[in-house]
1. Span-like helices, the chain: DSSP H, alpha-carbon axial extent 20 Å or more, mean Kyte-Doolittle -0.5 or greater, which ones?
2. For a protection proxy built on the mean count of beta-carbon atoms within 10 angstrom, sort 120-131, 170-181 highest first, please.
3. Using helices alone, I'd like the mean residue ellipticity at 222 nm for the chain: each DSSP H run of four-plus residues gives -39500 (n - 2.57), total over residue count, nearest 500.
4. Around R118, with a cut-off of 15 angstrom between Cβ atoms, what is the net charge of the other residues, counting Lys and Arg +1 and Asp and Glu -1?
5. Sorted by packing (mean other beta-carbon atoms within 10 Å per residue), highest first, where do 301-307, 109-115 land?
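Just so it is clear, none of the values below were taken in a lab; they were calculated from the coordinates. Computed from a prediction, not measured in an experiment: that's the story for all the values here. FYI the Cβ positions are ideal-geometry reconstructions off the backbone, even for glycines, and counts take in every protein chain you see.
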Amino acid sequence: MQPTAAAADLATLGGQTMGTTWSVRLLAHARDDLHAIHAGIQAQLDRVVAQMSTWEAHSDISRYRDAAAGSWIALPPEFATVLDCALEVAAASDGAFDPTLGPLVDLWGFGSAGTPRRVPAEAGIAQARECCGWQRLQRRANGRELLQPGGLRLDLSAIAKGYGADLVAAHLRAGGIGAALVEVGGEIHAFGRKPDGTPWRVLVESAADEQADLEAMPPRVLQLEDAAVATSGDRWHRFEQDGRRYAHTIDPRTGIPVADAAVAVTVVATDAMHADAWATALTVMGAQAGLEFARNHDLAARFVIREAGRLREAMTDAFAARLVQA
Ligand code: ADP
Ligand code: MG
C-alpha cells in the first residue's frame, strides 16, 4: 500500500451540466483543495457544452448548423474526438446510431428547436429524413474540419454525457487524483480503487417509474475497474399519443422513435463515450437483434424490456461477468 493511502478519504462533489446533474466521488487528501477541483471539473464540462450543445446559440455544433452550404468548419479537438467515435459507432452499427439526426430530433420535439412533442405529419418526417445521414459527413485535415453541405444538423446528445465523464476522469487523473467515480447524467467513468482498496461498485439503472415491477427485478451491482457504464432509457424524455409511447431514441431507418423501446439498455466499456453511443445504438436495434449484435461484437450489454406488462431483463455473458454476485 502506498504511504499516502491511509490519509486519503472519499469526497463527493456535484453540479449541473447538459440539462442534468454531475457528481464525482474521489479519493482526496487533506492537502487537496476541493473548491479548485470542483471548478476544474465544471470547466471540463463547460467545454463540452460550449462545443457540442445544440441549446447554446454560439456553440460549435450550432455554428455548424448555421454555416453556409459549402463551408468547412474547424472543429476543436474534443469535438473531433466525439465525432470520430460517433462515426465509428454509426458505421459499426450500420447506421443505428447516427449523429446527423438533428432535424428528426427537433421535429419530434426532443431537440432545442422548441417544437411541441407530438407525432408530426408524414410529409414532415420524409422531409427531415432527407436532411439526415451520417454518410453525408465529409471531413478533412485529419478530421479537424467538417463540411456543411447545406442543411445538415448534428446531434451529439447520445454521446456527449459519456464523453464528459471521460474528460473529467482524464482531468482528475492528470491532476494526480488516484481514484474517482465520475457520473454525468447517469453515465459513469470509474478509475482506481476506493480507500479500502476495493473496486468501485454501482447499481445498474432500471426503470424508476415502474416501482411495482421493479420489486420483481433483482438489483444488479456492477464492479468497475477502470471502466465505464452508460444507460439509455425512456424514463424522462418521452410522450404518449393515441395510446403509444414515443421515447427520444429515433430509428434512423424510419425517422420514427423506436417502437416498444427497451426500458433501459446498459453498456459497460472502457470509456463512457463508447458505452453511451452503444447504449443508444442497441436501443435502436431492439432487444433481440441488439443482444445478438452485442454477443457477436463482444459488447457487455443488458436490456430491460416490457413483456406482457412486466419487466424482463436479458444480458450478455460479458455483462454478467462484471456483476457482483449476490
Ligand atoms: P439517455 O441516456 O438520456 O437515455 P441517449 O444517450 O440514448 O439518452 O441519447 C438520446 C438522445 O440522442 C436523443 O435525445 C437525441 O438527441 C439523440 N438521438 C436520438 N436517436 C438517436 C440515434 N439513433 N443515434 C444517435 N443519436 C440519437
Ligand atoms: Mg447514449
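1. Values: long enough: 34-52 (27 Å, 0.46); 77-92 (22 Å, 1.09); 157-174 (26 Å, 0.51).
Helices passing the filter in the chain: 34-52, 77-92, 157-174.
2. Output ranking for 120-131, 170-181: 170-181, 120-131.
3. Numbers: 10 runs with 107 residues, N = 326.
Calculated mean residue ellipticity at 222 nm is -10000 deg cm²/dmol.
4. 0
5. Going by the mean number of other Cβ atoms within 10 Å, highest first, we get 301-307, 109-115.
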